[in-house]
1. Only one of these conditions is not met by THR112: (1) under 19 Å from LEU141 (Cβ atoms); (2) open to solvent by less than 70 Å² (accessible area, probe 1.4 Å); (3) in a helix (DSSP H, G or I). Which number is it?
2. Return the only residue of ALA88, ALA34 being aliphatic (A, V, I, L, M) and either free of Cβ contacts under 8 Å to residues at least 24 places away in the same chain or not in a helix (DSSP H, G or I) (or both).
3. Among the residues of the range 115-128, how many are touching a residue at least 40 places away in the same chain (Cβ under 8 Å) and open to solvent by less than 60 Å² (accessible area, probe 1.4 Å)?
4. Just to check your reading of the model, which residue among LEU54, LEU141, LEU65 is surrounded by 12 or more Cβ atoms within 10 Å (Cβ to Cβ) and under 15 Å from the mean Cα position of the chain (by Cα)?
5. Which one of these is surrounded by fewer than 20 Cβ atoms within 10 Å (Cβ to Cβ) and either within 17 Å of the chain's Cα centre (by Cα) or in a helix (DSSP H, G or I) (or both): THR80, THR131?
6. Taking the range 1-23, which residues are β-branched (Val, Ile, Thr) and either without any contact (Cβ under 8 Å) to a residue 60 or more places away in the chain or under 18 Å from VAL97 (Cβ atoms) (or both)?
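The values are calculated or read from the model by the stated rules, or taken from the named source; none is laboratory data. Nothing here was measured: the structure is a model prediction, and the numbers come from that model. Heads up, the Cβs are rebuilt from the backbone with ideal geometry, glycines too, and the neighbour counts pull from every protein chain shown. Areas reflect the complete protein model, heavy atoms only, side chains present, ligands, DNA and RNA absent. Shrake-Rupley method; radii C 1.70, N 1.55, O 1.52, S 1.80 Å.
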Amino acid sequence: HLEPTVRTLAATVALDVARELGRAVEVPERVIRAYAGSYAVRHIQASLAEVRRLISEGVELKPALASWPARSAFIAAHETVRAGNAFARAAYRAAGVQTVWKQGDECADCATLHEKTASPDGVFAQRGDLTDTKYVPASGLGHPPHCDGCECVIVGKRAGAPPVLGGPSVTPVS
């Protein structure tokens, strides 16, 4: 039942991108459904991994799981960055616009990605390009987050100017 929330976030991000581009843009339906499904899988896998770790370490589960509300803060922060950037990438891709990575934290890998441009179907980095590969999919890193606490974003590449947040002049890919 996460899909309505995910759908609302995707629509909000699409409106921001449309405002920036000066034309209508949508996040494709397949991206919204895929994101909602992949979130569920990520959440289940992380939960199972944590329970298995606790069991293997001989930790009593009930008190350990009582700390999971703290985990919810991590999930909320991490998934907000992931979803916002995933939907922005999908909207820019639908519009044929290149994206630029903007650093928002102190991570050394994120610093190397700052101002890097990716084509609508491209990635910012492959696993071998970065020191920390925890959040780099096998297909490559197409959008933030890259690290724990990541606050990076992607923006549209402006025509003839350095990328900035917002503005009507964005370079479509020919």
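1. (2)
2. Checking each option against the conditions leaves just ALA34.
3. Count: 3.
4. That would be LEU141, the only listed residue that is surrounded by 12 or more Cβ atoms within 10 Å (Cβ to Cβ) and under 15 Å from the mean Cα position of the chain (by Cα).
5. That would be THR80, the only listed residue that is surrounded by fewer than 20 Cβ atoms within 10 Å (Cβ to Cβ) and either within 17 Å of the chain's Cα centre (by Cα) or in a helix (DSSP H, G or I) (or both).
6. THR5, THR8, THR12, VAL13, VAL17
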